[in-house]
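Encoded as structure tokens, the structure appears first; notes follow it.
Values quoted throughout were computed directly from the atomic coordinates according to the rules given, and no laboratory measurement underlies them. Because the structure is a prediction, the values reported are computed rather than measured. Here the Cβ positions follow ideal geometry from the backbone for every residue, glycine too, while neighbour counts run over all protein chains shown.
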């Protein structure tokens, strides 16, 4: 059976500072009925839509990267009601969330509310492209973004059933206790994010490790087969026993 064609996608790691601890991340819990990563804790995001490409073509820069950034912005508003990478009146966000989810074009909606894209606010962090699987395959670009002040997420109630703030370590600990599910790329990214004491630290690390597409591979070791990633991209953990890894 041939591998499925990769679907361009984007996700954003929204980080907010705390007074006395590590930054918290915006996390959504996917509905169990979803065909990909059902029931898992993930960062907001989704596939890059044709409308994202149309809007990207009106801007200067790499059209694929711009379309992915636009998708990350759109999906974060749709899924969590949090506006990153865009300037809009706070009072307009609930209506934007509803209308974007209904499929209205983001460019036209921004014009209507007097908003504008601010895609430079997104910092490239990683890019993951699985291989050797027969479920949906996403070529996913990950970005970092600082949370807007006093952002109060609102779950979409359809694709996702919960949205909340938590530190990377708290999410990892919940998964280790069996209270949450996280798939292999999310776990690796959370382990990396747990190293940082602030958004500035995370952004500096991202800029120190130029994005290179990560395609995990299987490797036989003395204790069995492991799922592995490169060891030069800033990740503190670069392998996991295949029997333990959750891939979708």
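A few notes on this one:
- Short-range pairs are left out: with C-alpha atoms under 8 Å and at least six residues apart, the relative contact order of the stretch 7-210 is 29 percent.
- Taking 7 Å steps out from each Cα toward its Cβ at residue 64 and residue 164 produces label points 3.7 nm apart.
- When only Cα pairs below 8 angstrom with a gap of at least 6 residues are kept, the stretch 102-209 shows a relative contact order of 23 percent.
- Normalised by the number of residues in the stretch 204-248, the average gap of Cα pairs under 8 Å and 6 or more apart makes the relative contact order 31 percent.
- For the chain, the mean residue ellipticity at 222 nm estimated from helices alone is -8500 deg cm²/dmol, where every DSSP H run of n ≥ 4 contributes -39500 (n - 2.57) and the total is divided by all residues, rounded to the nearest 500.
- Paramagnetic reach from residue 6 in the stretch 204-248 [backbone N under 16 Å; point 7 Å along Cα→Cβ]: 211-218, 229-230
- Comparing 11, 140, 213 in a Gaussian network model of the chain (Cα springs below 10 Å), the most mobile by mean-square fluctuation is 213.
- When 159, 17 are arranged by Cβ crowding within 10 Å, least crowded first, meaning fewest neighbours, the order is 17, 159.
- Percent antiparallel among DSSP beta bridges (both partners in the stretch 7-210, rounded to 5): 70 percent
- Against the chain, whose longest principal axis is taken from its Cα atoms, helix 199-208 shows a tilt of about 60°.
- Most fluctuating residue given options 169, 188, 207, as computed from a GNM of the chain linking Cα atoms under 10 Å: 207
- Ascending count of other beta-carbon atoms within 10 Å, so fewest first, for 106, 57, 181: 57, 181, 106
- By the count of other C-beta atoms within 10 Å, a proxy for reagent exposure, 43, 164 are ordered fewest to most as 164, 43.
- Note on the stretch 106-222: Cα convex hull, mean projected area over all directions, 10.9 nm².
- Cα-based Kirkwood hydrodynamic radius, the chain, one decimal, Å: 18.5 Å
- Extension gain, residue 133 back to residue 223 (0.36 nm per residue minus Cα-Cα distance, nm): 30.1 nm
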